[in-house]
Amino acid sequence: MRGRILTSWLCLLLSLMLAACAQPEVGSRGKLPLRAVNEAPRANLAQHCVENFKDGYDYFPDKLTFRHSAQLSVEYHGHYKIVRYNPAVDTGEQLEYLLVQCGAPRPSGFAKAVTINVPINSFVTQNLAMLAAVADLGLEDRLVGISNTRAVTIPTIAERIKAGRILDVGGGTHSTIERILEASPDVLFTFYSALPNTNQHPKLWEIGVRAVGQADHMEPHPLGRAEWLKFLALLTNQEAQANQLFAPIEQRYQELAALAANVATRPQVMFGRNAGRDTWERHGGRNYLARLVYDAGGQFFLHDQIAGSWAPTNFEKVYANAEDATFWIGGMLNFNDLRSFRDSHPRNDWFRPVREQRVFAHDKGRLGMWRYPWGDQGMTKPHRILEDLLRTLHPELLPEGETRFVQKLN
């Protein structure tokens, strides 16, 4: 076993060396220009590196904090920031990223931290959810690769894909290192898994790829998930923009949650899908989706304290808890109608929402197979998703308007 692993990594290193010798122009953005800073900056440097570093200056006058994320925190220290990530799952890992203003010296005392010079000038994401933050912050020109170019619904990013400015580095979490290297990114956002053995970032660090494990999908609160926008802002020195973007999202979400806080009845809501003979794929009871259901005036169908994005569960347990649920939301992507969904699995009809036609898919606006706005736009729009769920569970609270991400299967 050990010999096969060693051979695999030797092959990987060889492929990296070969790819490095023939990088294409696409994705290459070069270095940021230098800028002389003769007095303490009044705003963060989002487009330049420091030409004449001076100790004692605060190079990040624009700052942010994480108020809702259960996983992220940041500290500011003059010319560097420390971002700490504590996963919401028990992987035994605590990650630390040292973000240093480019042109300034690396501070001592952070031997285990991944060092990244900021602002970054290019990045690749294996998680399509981050595309929402890319568009919101106006960073399309720094995005040089994504995991699946065919799953994009954001027009500004789709245009750059069509123009050949963004590489497809492979589907899902199975991206190829060769294609990532072709994009030559300053940072690679990888999908952070609850299964430690499947995470790529430790090995990527060993070969010099600055990989950031992204786990927005494991946040317990929707606003905490939306705060991953702030992580991208930290890497690009756009704290001021992130604060301006996040404030109305937070305010609107809290206003909507207050509408449903004292509802007389809370209908039970199923999430997830049949994934085989004895298994059900669903989100944990401490995941942001469970909180969305609660804030929309509903009751999530399972009450465990798992935060994971997918928590495979014994079918019997799901059936015992959800047989008489009122609504079934999610878990039925790419179906055109209720009949095709019912026919897709013999056990779907066992649940009351199917029999009583209260099944809702979260792929409204679908542009093709696995190409729907919830996937690449939803991370930074929890207020819009909450509006959809309120209109679904308690239409009397929001009598006007249409859903954006959720639609009923008829």
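Coordinate-derived values only; no laboratory data. Given the structure is predicted, the values throughout are model-derived calculations rather than measurements. For neighbour counting, all protein chains shown are included, and Cβ atoms are generated from backbone atoms with ideal geometry for every residue, glycine included.
In nm², what is the average projected area of the convex hull enclosing the Cα atoms of the chain?
21.9 nm²
Using the alpha-carbon centroid of each, what span in Å lies between segment 278-338 and segment 138-217?
Going from one Cα centre to the other spans 28 Å.
In the structure displayed, which of Lys162/Lys364; Lys381/Lys408; Lys81/Lys162 lie more than 27 Å apart, Cα to Cα?
Lys81/Lys162
For Glu159 and Asn243, what does the FRET efficiency come to when R0 = 30 Å and r is the distance between their Cβ atoms, rounded to the nearest 0.05?
0.60
Collect residues whose amide H, placed 1.01 Å from N in the peptide plane, falls under 5 Å from the amide H of Cys49; neighbours closer than 5 in sequence don't count.
Amide H neighbours of Cys49, under 5 Å, 5+ apart: Leu34, Arg35.
To the nearest 20 Debye, how big is the dipole of segment 233-283 about its Cα centre, given +1 on the beta carbon of each Lys and Arg and -1 on that of each Asp and Glu?
Here the size comes out at about 300 debye.
Once you've got the GNM for the chain with C-alpha springs shorter than 10 Å, pick whichever of Ser122, Ser309, Ser340 has the biggest mean-square fluctuation.
Ser340
Give me the extension gain from Asn334 to Ala264: residue separation times 0.36 nm, minus the current Cα-Cα distance, reported in nm with one decimal.
Between Asn334 and Ala264, full extension yields 21.8 nm more.
With 12 Å as the cut-off, how large is the P(r) tail for segment 264-307, expressed as percent of Cα-Cα pairs?
Taking all Cα-Cα pairs of segment 264-307, the fraction more than 12 Å apart is 59 percent.
Could you give me the ³J(HN,Hα) list for segment 210-223, computed from phi with Karplus coefficients 6.51, -1.76, 1.60 and θ = phi - 60°, whole Hz, x at Gly and Pro?
7, 9, 10, x, 9, 9, 4, 5, 9, 6, x, 10, x, 6
Kindly state, to the nearest 0.05, the FRET efficiency for Lys408 paired with Gln299, given R0 = 22 Å and r defined as their beta-carbon distance.
That pair, Lys408 with Gln299, gives E of 0.65.
Treat every Asp and Glu Cβ in segment 331-390 as -1 and every Lys and Arg Cβ as +1, leave all other atoms uncharged, and give the resulting dipole magnitude about the Cα centre to the nearest 20 debye.
Result for segment 331-390 is approximately 60 debye, rounded to the nearest 20.
Per residue of segment 145-157, what does 6.51 cos²θ - 1.76 cosθ + 1.60 with θ = phi - 60° give for ³J(HN,Hα)? Whole Hz please, x for Gly and Pro, Karplus curve as stated.
Per residue, the Karplus-derived 3J(HN,Hα) values read x, 9, 6, 8, 5, 7, 9, 8, 10, 7, x, 5, 7 Hz.
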